[in-house]
Amino acid sequence: MKILVVNVNTTESMTESIAHAAREVASADTEIIPLTPSFGAESCEGNVESYLAALGVMDAVMKHPGEFDAVIQAGYGEHGREGLQELLDVPVIDITEAGAALAMFLGHRYAVVTTLDRTVPLIEDRLLLAGLSTHCTSVRASGMAVLELENQPDRAIEAIADQAAEAVGRDRAEAIVLGCGGMADLKQVIVERCEVPVVDGVTAAVKLAESLVELGLRTSKVRTYATARPKQISGWPFTAA
């Protein structure tokens, strides 16, 4: 089985970190193929960057030369999953939805801990659109920028763990979802501090993708995600060299 794991930003070190987390949980016969968009922002922390990422991710996937069995969009709260589903008939998993979906099996209500406060509305909207917001008690911001997760790991761990503890203590969350593709390494620290299940979206998406492929399930093409009607599109990135 081959799974494309696509970073939503152009930072290669983040792509490598995401791929490492994915490979840690992938089955022995699953090949994780990491992709980085050829254009876009170095990190996604707002609507402009998110919409750029949606195009960049679609472009990277359509330019990939080999065959694959599933795609994971590895950006929390980002736009674009629906576009990928129109382009492809293989399973497409977004880490926002994967993390929240699994968290609902682990407790009555879950909380998301993310990066900057400006990303909270985007995440709330994506959870609402996916029908996953009912069991979400809160989306909390750590105040750490995406790139600071790599550049200031000790500070990031403390800030994220603090917010996770607040979510459990004040918001009554029974599970925590890590709201960024680059947070996988923080999982154990939060488990030890908060004593609740902690779900990382990347690893959750890998296991969901594997399950869908093994069950022979594919994206429905009869209506919402039917292949886009053929028409002339000027300047579309897919045509770029």
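The values are calculated or read from the model by the stated rules, or taken from the named source; none is laboratory data. If you're wondering where the values come from, they're calculated on a predicted model, not measured in any experiment. Heads up, the Cβs are rebuilt from the backbone with ideal geometry, glycines too, and the neighbour counts pull from every protein chain shown. To get the accessible areas, we keep the full protein, side chains included, count just its heavy atoms, and leave off ligands, DNA and RNA. Shrake-Rupley method; radii C 1.70, N 1.55, O 1.52, S 1.80 Å.
Structure notes:
- Protein-only accessible surface order, largest first, of Thr203, Thr115 at 1.4 Å: Thr203, Thr115
- Here is how the number arises for the chain: DSSP H runs of 4 or more residues each give -39500 (n - 2.57), the sum is divided by the residue count, and the result at 222 nm is -12500 deg cm²/dmol.
- Residues in the range 68-171 average 39 Å² of solvent-accessible surface per residue, probe 1.4 Å, ligands and nucleic acids excluded.
- The accessible surface of the chain, taken with every protein chain in place and a 1.4 Å probe, is 51 percent carbon and sulfur.
- The chain: angle of helix 47-63 to the longest principal axis, Cα-based, in degrees nearest 10: 50
- Equivalent-ellipsoid semi-axes for the range 8-85 (Cα gyration tensor, √(5λ), whole Å, largest first): 21, 14, 11.
- For Ala130, net neighbour charge (Lys/Arg +1, Asp/Glu -1) across residues whose Cβ lies under 13 Å away: -4
- Choice from Ala28, Ala98, Ala41 showing the highest fluctuation, given a GNM over the chain with Cα pairs closer than 10 Å: Ala28
- Each other residue within a Cβ distance under 13 Å of Asp117 adds +1 if Lys or Arg and -1 if Asp or Glu, for a net charge of 0.
- With Cα atoms, 0 to 90° folded angle of helix 120-129 axis to the chain main axis: 60
- Listed by chain and number, the lysines whose alpha-carbon sits under 23 Å from that of Lys231, ignoring those within fewer than 8 places in the same chain, are Lys63, Lys221.
- A 1.4 Å probe run over the protein chains yields, for the range 187-241, 70 Å² of accessible area per residue, whole-number rounding.
- Ranked packing of 76-82, 106-112, 211-217, 173-179, most packed first, by mean Cβ within 10 Å: 173-179, 76-82, 106-112, 211-217
- A 1.4 Å probe, protein heavy atoms only, puts the accessible area of Met14 near 10 Å².
- Restricting the range 153-200 to trypsin sites (Lys or Arg not before Pro) that sit in a DSSP loop and have at most 13 other Cβ atoms within 10 Å of their own Cβ leaves Arg170, Arg172.
- Alpha-carbon centroids, the range 1-68 and the range 70-142: separation in whole Å: 16
- Rounded to the nearest 10 degrees, the angle from helix 201-214 to the longest Cα principal axis of the chain is 50 degrees.
- The share of C-alpha pairs in the chain whose separation exceeds 34 Å stands at 11 percent.
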